[in-house]
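The structure appears below as structure tokens.
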Amino acid sequence: MISTPLKGADPHEYDHSHPDLSGGWLRASVFGAMDGLVSNIALIAGIGAAGASPQTVVLTGAAGLVAGAFSMALGEYASVKTSNEQVDSELEIERQAHARNPQGEENELVLNFIEMGMTEKTAQFAASEVHQNSEQAARIHITQELGVDPDSKPSPWIAAMSSFAMFAAGAFIPLIPYALGFESLWLGLATGGVGLLVAGGIAARFTRKSWWKSAVRQLFFGAIAVTATYLVGSLLGVGAA
């Protein structure tokens, strides 16, 4: 027996729910945390392999944390802002097209609805209903043609702040042993590796994928970067000596 949804509730609330995917914070947070971890682990690996003192390693890691966090935040803001402006620009194009040729735009929507699986009669009726409101019609055209919802654009400020905070947090993890008074590069790298595993596992929680596969994947990617910079640092250190 199928239960009836509660009156006034969203159609699926009686059975399941979805997180808000429009804020832009998840992608920025995951990207920021992973980038902070990988870039700073690799940075101190290269500096340490070159023979730098623990104090120099800490200073370099701290500089990388600050510079990277601001760079990530500014980059995220500019990227999301530009993407949103592009959506607004395409929406304006649809408004103008509707004003010039409303019937042609309605016919185009009919074809889109048919491709979705509607019968021609249903598609014509639905398109006619949609085009009763020119503004709503333009927005639905954008959604159908570009796969984006102009009413659900991510916030550039949320993306920037999420990226800044998570990059800084990720970049600090390999520096934790130094902050506690240890001066072992390998302990810092090991701490960073644990951070990659944890971050990968947490990210999988939001995507409902295997946590251990995500964790191992992030550790593997980080290991590639660390190995490369460590080898470069070793070669430069030998050359400098």
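Worth a mention:
- Here the ratio of the Cα radius of gyration of the range 157-208 to 2.2 N^0.38 Å is 1.33.
- Between helix 120-130 and the chain: long-axis angle, C-alpha atoms, 0 to 90°, nearest 10: 80 degrees
- Size of charge dipole - the range 131-241 - debye, nearest 20, with Cβ of Lys, Arg +1 and Asp, Glu -1, no other charges: 380 debye
- The chain, helix-only ellipticity at 222 nm - DSSP H runs n ≥ 4, -39,500 (n - 2.57), divided by all residues, nearest 500: -26500 deg cm²/dmol
- Per-peptide average of other Cβ atoms within 10 Å, ordering 222-233, 83-94 highest first: 222-233, 83-94
- Gaussian network model of the chain, springs between alpha carbon atoms under 10 Å - residue of M161, M118, M34 with greatest fluctuation: M118
- Against the chain, whose longest principal axis is taken from its Cα atoms, helix 54-100 shows a tilt of about 10°.
- Rg and Dmax of the range 100-140, both derived from C-alpha coordinates alone, stand at 9.4, 28 Å.
- Between helix 211-240 and the chain: long-axis angle, C-alpha atoms, 0 to 90°, nearest 10: 40 degrees
- The range 78-173 - convex hull of the alpha-carbon atoms, volume per residue in Å³: 103 Å³
- Sites Q144 and V198, calculated FRET efficiency, Cβ-Cβ separation with R0 35 Å, nearest 0.05: 0.30
- The residues of the chain expose, per residue, 60 Å² of accessible area to a 1.4 Å probe.
- Shown here are the Rg and Dmax of the Cα trace of the chain, at 25.2, 80 Å.
- Max mean-square fluctuation residue, GNM over the chain, Cα-Cα springs under 10 Å, options V80, V38, V148: V148
- Cα-only Debye scattering, the range 25-154: base-10 log of I(q)/I(0) at q = 0.18, 0.22 Å⁻¹: -0.94, -1.16
- Of the trypsin sites (Lys or Arg not before Pro) found in the range 179-237, those in coil by DSSP whose Cβ has at most 13 other Cβ atoms within 10 Å are R208, K209.
The values are calculated or read from the model by the stated rules, or taken from the named source; none is laboratory data. Source: prediction; values computed, not measured. Every residue, glycine among them, receives a Cβ derived from its backbone with ideal geometry; neighbour counts consider all protein chains shown. These area figures cover heavy atoms from the full protein model, side chains too; ligands, DNA and RNA do not enter into them. Shrake-Rupley method; radii C 1.70, N 1.55, O 1.52, S 1.80 Å.
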